[in-house]
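To start, the structure under review is shown below, and the notes come after it.
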Amino acid sequence: MWAVARLAPGLQFAFEWNLAPAVVIAVIGLAIDVAGLVEFRKARTTMNPMRPDAASALVRGGVFRWTRNPMYLGMATVLLGWAIYLAHPLSLLGIPCFVAYLNRFQIAPEERVLERRFGAQFLAYRESVRRWL
């Protein structure tokens, strides 16, 4: 996002008050991340996104009642804060690229593993809680 903003500096907004909203949004993103990590910790299951097969519990409480992927949602929210800080319209493209990449290469494989591991329990959860929001 930073590189895209630097490649076309003429498109940058003259946005003098971008720091405060950028920080607030980034802090909200970090809070969403931490809320997800806390729920994983309470459930005593893996937090490693590269090892969904090591999951010992299907976490459905806390922030997981609203989103199946709070840590990824938190990261996307931090990116939104970064884009606001950069004050460049093209930097906003990083967010849908991030989401598309995660959907295809991280979340879909994770969900296949969780479906095999938790079966009907995961399918019911997937039907009742959205992937992002």
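Values quoted throughout were computed directly from the atomic coordinates according to the rules given, and no laboratory measurement underlies them. Just so it is clear, the model here is predicted, and its values are computed rather than measured. Here the Cβ is made from the backbone with ideal geometry for all residues, glycine too, and neighbour counts use every protein chain on show.
Observations on the model:
- Test set (1) touching an Asp or Glu at 6+ places or on another chain (Cβ under 8 Å); (2) assigned to a loop (DSSP other than H, G, I, E, B); (3) without any contact (Cβ under 8 Å) to a residue 40 or more places away in the chain - MET50 fails condition number: (1)
- Test: residue in region 16-37 that is on the phi > 0 side of the Ramachandran plot and assigned to a helix (DSSP H, G or I): no
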